[in-house]
Amino acid sequence: MFKKYYFQFFLLALAFIVFYSNNYKIIIAGIAIFLVGMVFLEDGFKLLSGGVLEKALYVSTDTLPKAIGVGFVATAIMQSSSLVTVIVISFLSAEFITLSGAIGVIFGSNIGTTATAWIISSFGVKIDIATYAMPMIIFGVVLKFSHNKSYRGVGNLLLGLGFVFLGIDYMKDGFEVLQSTLDLSKFQLEGYLGALVYISLGIMATVIMQSSSAAMALIITALVANQIVYINAIELVIGSNIGTTVTAILGAISSNSNGKRVATAHFIFNFITALVAIVFLYQLSDLTTFLASKIGIRDDDYAMKLALFHTIFNLLGVMIISPFAYRLEKYLETLFVEVDIYALKPLYLDNVVINVPYAAIESIRKETIRLYDSAVEVIAHSIFLRRHEFIKNKDIDSVVINSEIDISTDINEFYANKIKSLYGEIIHYATLSQEDMNEEDKNRVYDLKLAAREIVEAIKNVRELQKNILYYSRSRNSYIKDEYNYIRIQIAKTIDTIEKLKDDGDDLDTISTLELLKEKIKALGSIKNSRIDMLIRENKIDPKMATSLINDSSFANEVAQKLIQVATILWIKDVNIRALGA
């Protein structure tokens, strides 16, 4: 029951606190304003980056050091480890990056989160940042309503920074006012009992706010206002680092196996780092004090010392875990194993991915490729062939002529139980993904939806062929049997040619091969019609055979043409080259 109504309980508790205490109301308002600022910052970076972050992650995660570096830089600039984590899970789900690359980005992202602590401790609590917040909010609102995408991005950034600064100022004022009526520092706890209590509070605060940056802002402002002591602030930071893994876990719940693995890696990293920090808590505190004196931080500047501890803490975690990254990757690969790659459940259509256009498009493409592979399987069975028998075989004609007509595949059942549901999932997901895309991305998704539709139409066409192939392959009339073998050869060679192009990688070679194949099929269709006319004139086939053959030749040509169109959409990356084959 509590699980069902926990949000309502939370709202009631929040309302009670807000109306009961004016002091707490100021602090909570500061947290709320800070969180709004973080949302605007994320939106601003999304508008301005133009996919730069996605491209950086895509090309810079082939080695662990590079992945750590890009994770650090991305999080430090964007001030959102949650956004970076979500994109990493998206890319891993779409198989843009490897699991080891994703692990490296998560390691680097943890170091990047320390930038927030340095900014707040250096500027946020030492100057009147509310003075700067107001102009930022004013100009941010004006720019946000611009029709220009770049101006809107700048507007979101200004609004984000303005609200972040304003939120920090509110929190700082709230704790200063609270100091006159209640001194929370009197409730300080020492030893490992204190560590347990304050680490738990840090976890709870971060889970509730869903932002480690907001938690850090709250901890630092409370520390500056002398509402908590330095050692308890350190313990809160450790708890906050554990709490931030909840974002990744929640993001991975609806994700596929790889998404769940990277969330597990995030949790393992933060948990082990926190465990080491707890065991060596006082030694790390002394190390922080020593290093602070060496880099010019005053002994009583606890805010800066806390930022330094946060950095040491996360760097220590990376140094401890990195040597075991390969073993961690191998362990994670044993978790959340998919039983069947051709299961009904989509593998790539992740709800996490859907908000990242670059990853969403690739996810749709890969799922459509799965649909194509399943369709090729049923098409091959429909013409009484097995894929492994003719694909990449140099003598497909002999394979077809000598094949046994013994495969029993119910196309209607296969379509209803396998193809139809996956096709529906692709169309539904693709339609939802287009909501926030630009025109170019929308057009790409439309093409992929078209490819999925053409795959389904190809199956429907080959369904009409199956009965007649089975019937006439057992005929005593060798002419009609040869003609239906010819139809089977035409479809098999089309599938074989497309299969060879999958790993080509050269768009110009691919489009040239597909165009030649398209023209060849047209030419063969004309020859076929001439040959049918000749067979009719010479009474080698009866009228019923002729009618069936004409219709089935048309169906075969349709199947081949549709498969070529699908191949053009799926395996040619360049939009201009792809347009040539449209």
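No value in this document is a laboratory result; all are computed from the given coordinates. None of these values were measured; they are calculated from a predicted model. Positions of Cβ are backbone-derived with ideal geometry, glycine not excepted, and every protein chain shown enters the neighbour counts.
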>> I'd like the trypsin sites (Lys or Arg not before Pro) in the range 390-451 restricted to DSSP loop residues with at most 10 other Cβ atoms within 10 Å, sorted by number.
In response: K392, K394
> For Y479 and S512, what does the FRET efficiency come to when R0 = 22 Å and r is the distance between their Cβ atoms, rounded to the nearest 0.05?
Replying inline: 0.05
> In whole angstrom, and with the biggest value first, how far do the Cα coordinates of the range 265-411 range along each principal axis?
Replying inline: 87, 31, 27
> Roughly what would the spin-label model give for H428 and A416, points 7 Å off Cα along C-beta, in nm?
Replying inline: 1.9
> Residue separation times 0.36 nm, minus the C-alpha to C-alpha distance between L11 and T98: what's the value?
Replying inline: 27.2 nm
> In whole Å, what is the distance between the alpha-carbon centres of the range 139-155 and the range 268-336?
Replying inline: 39
>> Expected output is a single nm value to one decimal: the length gained when fully extending between S530 and E377, i.e. 0.36 nm times separation in residues minus the C-alpha distance. What is it?
In response: 52.0 nm
> Around T289, what is the net charge, scoring Lys/Arg as +1 and Asp/Glu as -1 over all other residues with Cβ under 15 Å from its Cβ?
Replying inline: -1
> Points 7 angstrom from Cα along the Cβ direction at K573 and E499: gap in nanometres?
Replying inline: 2.5
> Does anything in the range 160-174 have its amide N under 20 Å from the 7 Å Cα→Cβ label point of V39, and if so which residues?
Replying inline: 160-171
>> Beyond a 27 Å Cα-Cα separation, which of these cross-linked pairs lie in this structure: K66/K442; K493/K573; K394/K449; K502/K522; K467/K522; K66/K294?
In response: K66/K442; K394/K449; K66/K294
>> Let's test this: bin the Cα-Cα distances of the range 353-580 at 10 Å from zero up to the farthest pair and state each bin's percent.
In response: 7, 31, 33, 19, 8, 2, 0
